[in-house]
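Some notes on the structure that comes next.
The values are calculated or read from the model by the stated rules, or taken from the named source; none is laboratory data. What you see is a predicted model, and the numbers here were worked out from it, not measured in a lab. Reconstructed Cβ throughout: ideal geometry from the backbone, glycine too, with neighbour counts over all protein chains shown.
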Amino acid sequence: MSFFTVDRISLQFGGLKAVDSVSFSVEKGEIFTIIGPNGAGKTSIFNLISRLYDPTSGKLFFEGRDITEVPSHQIAKLGIARTFQNIELFENASMLANLLVGRHCHATTQLWQEILFLPSVRRAEKEHRRKVEEVIEFLDLQAYRDKLIAGLPYGVRKVVEVARALCSQPKLILLDEPSSGLNVEETDDMSFWIRDIRTELGVTVLMVEHDMTLVNRVSDRVLALNYGKVLASGTPAEVQAHPDVIAAYLGA
Amino acid sequence: MRFVFKTDYDQDIRLLKHSGYWWSYGVLLAVLIAFPYLVGSYLQSQIVFVFIYAIVGVALIILTGFTGQASLGHAAFLAIGAYTAGFLQSQGISFIVYFPAAAIITGAVGAMVGFPALRLSGIYLVIATIAFAFIVEEILARWESVTHGNEGMRVRAIDFLGQPIPRDGDAFYFLCLLVLVGSILLAQNLLRSPTGRAFIAIRDSETAAKSMGIDLAGYKVKSFAISAALTGMAGVLFAHKMSFISPEMFTLLLSIEFIMVIIIGGAFGVHGAVLGAIFIVMVDPFLTALKDDVPVLGASLATTLGMAPDAAGKLRDTMSAIGSAAGLKGAIYGLIIMMFILFEPYGLYGRWLKVKLFFQLFPLYKKATFKRQKTYVKSERNR
């Protein structure tokens, strides 16, 4: 069985089939990209994987385990972290606090210990901080530690979101349009980081992306969607040459 | 301006970040300890009320400021704490037992109120908490075997291991101070550990909090329970301070006063609770003075300016009629809240930080430093 498998998953909002029996599987250490025109159901698939939506039918498997019924707050603990298309950071907290929230699924201390701030809590906090600092180092965020998110520029927020996801030490990271709103230079940086996330940290990457240059540069495999249905899948070159994909983007 | 050179993660964890904090909080503590020996009994009693309001303020800041869940039901939590103390004391149970018992009982009730919060947000949650407050008020009035109904209930002085603590003595002042310092420490400890960060995450983005592994239901209930338990403790102190409790003391207006504490003080930091409590407790004697003195002053001023004595007398009567009009207090409160929300949404503490920064940066302070900017519009909230 594959590392991560989506098996004939469907999501229906009333009469609208947002996701229609989509199946794909991601191998460990892969960078897998989902492309498709607006409204194709890409983000819906992400929301299904992070369990914000309940699928109408179909199943999700992660490391051989059925995660279709797992509540959304336990997904992070299993090793799946995500970012959002329209940045969902904790705006009125410092960047450091944001990244420390990323460590939440590894929190071991009890409420009463925290109220007294026992030495065990202090130890755990320092351990979290060490892990967070590794991520800060990895993504070059040293300059923003104590800055409030509300005061950071868009491009930095995008990176902070990736950092927060990485702080949970995921095995699979879901990146929802990591390059949207970034300029060319920032997109370049992002493409290097996405590769480094895979090669240096050994995290499998599943992403949704519109920027075909970025997709071509980093993806191992691509899946094209339209109207909730799979059009094609394969290497970036194969998918881009597929007649259905061309028709979906340019019109038949 | 001070730049702290950080070489250790402990520096970000500890509460007193550098020696300046030790100095300022040390002096503050010394002044607070010296207060009972310096001021008269009236002012000391007012300060005790400041402490009690500040404890409730800390509780509300944990719930509203950190977790983002509004509540207009905190007068009810205060009432539950107060009545638990009154009832258990009348059963001959010692203060050492009923003080924590009141916190636990109120905390449990708070957790129960927290459950509807899982489904409600914003104005709907406020309405639910108001409903809860009315239910509690009604129960207090009807459950006569325990609460003595509308007649009210006497609460005797605290009996601390055989040592009485009279309500206007120094010992009572220090007890309230101790509870306040304890609840501030509790809030600050929460804030620097995973639970407090989870609260903040829930406030700023429930969707992201969920995907980061935060159990929304659990943490919302925890936040309500902690907030209610602290308010319950304040309720015990309140009952002893008043020495008499009755249902009409715990009305919606009291809940609104508590909300004002954090709006005026600033809900984003624990300091706001104390500043707001000082403001609210001190505004009442100020309004009373206004009611009594302003008409007399105005009339004598008018006479000096050459107004006929009977016309001046009429003026005084009109002014005192306005001053003692029903609902004036509520109107002034409403006005103050609106002014703060419009002009200083971060409250007195926010203003204090701005003034501090102005002096720290002195010649370099830019006018637009705190100008509010439009931030990126959020869409696709998965509520």
Residue that is outside any helix (DSSP H, G or I) and surrounded by fewer than 19 Cβ atoms within 10 Å (Cβ to Cβ), where the choices are B:Gly26, B:Gly92, B:Gly68: B:Gly92
Answer residue from segment A:79-111, given it is over 29 Å from A:Gly41 (Cα atoms), more than 7 Å from chain B (Cβ to nearest Cβ) and not aliphatic (A, V, I, L, M) and is surrounded by the most Cβ atoms within 10 Å (Cβ to Cβ) among those: A:Arg103
Single match in B:Ala312, B:Ala331, B:Ala277 (criterion: more than 32 Å from the chain's Cα centre (by Cα) and modelled with pLDDT of 80 or more): B:Ala312
Subset of segment A:30-78 (residues that are buried (at least 17 other Cβ atoms within 10 Å of the Cβ), without any contact (Cβ under 8 Å) to a residue 12 or more places away in the chain and over 23 Å from A:Ser233 (Cα atoms)): A:His73
Cβ-Cβ under 8 Å pairs, at least 6 apart or on other chains, segment B:10-27 side under 24 Å from A:His128 (Cβ atoms), far side basic (Lys, Arg) and not in a helix (DSSP H, G or I): B:Gln11/B:Lys17; B:Asp12/B:Lys6; B:Ile13/B:Arg192; B:Leu15/B:Arg192; B:His18/B:Arg2
Within segment A:1-111, strands (runs of 3 or more DSSP E) holding 1 or more residues that are within 24 Å of A:Val156 (Cβ to Cβ): A:31-35, A:80-82
Where B:Leu16 falls short, out of the listed (1) within 14 Å of chain A (Cβ to nearest Cβ); (2) aliphatic (A, V, I, L, M); (3) in a helix (DSSP H, G or I): (3)
Residues that are more than 10 Å from chain B (Cβ to nearest Cβ) and in contact with a Leu (Cβ under 8 Å, 6 or more places away or on another chain), drawn from segment A:122-140: A:Val135, A:Ile136, A:Phe138, A:Leu139
Lone qualifier among B:Ser243, B:Ser255 - being away from chain A (no Cβ under 11 Å), on the phi > 0 side of the Ramachandran plot and touching a residue at least 40 places away in the same chain (Cβ under 8 Å): B:Ser243
The listed residue being touching a Lys or Arg at 6+ places or on another chain (Cβ under 9 Å), assigned by TED's automatic domain parsing to the domain that holds B:Pro116 and not in a loop (DSSP other than H, G, I, E, B), out of B:Ile52, B:Ile80, B:Ile61: B:Ile52
Test: residue in segment B:184-205 that is among the polar types (S, T, N, Q) and more than 30 Å from A:Ala76 (Cβ to Cβ): no
Pair list, Cβ under 7 Å, 6 or more apart: segment A:1-19 residue closer than 12 Å to A:Leu48 by Cβ, other residue aromatic (Phe, Trp, Tyr) and crowded, with 16+ Cβ neighbours inside 10 Å: A:Val6/A:Phe24; A:Asp7/A:Phe61; A:Leu11/A:Tyr53
Checklist (1) acidic (Asp, Glu); (2) more than 10 Å from chain B (Cβ to nearest Cβ); (3) buried (at least 18 other Cβ atoms within 10 Å of the Cβ) applied to A:Glu114, failing item: (2)
Which listed residue is in contact (Cβ under 8 Å) with a residue 60 or more places away in the chain and in the same structural domain as B:Phe77 (by TED's automatic domain parsing), from B:Ala128, B:Ala157: B:Ala157
Matching residues, segment B:164-213, being more than 7 Å from chain A (Cβ to nearest Cβ) and under 26 Å from A:Arg51 (Cα atoms): B:Gly196, B:Phe199, B:Ile202, B:Arg203, B:Glu206, B:Ala209
Residue, surrounded by the fewest Cβ atoms within 10 Å (Cβ to Cβ), within segment B:218-229, restricted to residues that are more than 9 Å from chain A (Cβ to nearest Cβ) and closer than 17 Å to B:Leu118 by Cβ: B:Val221
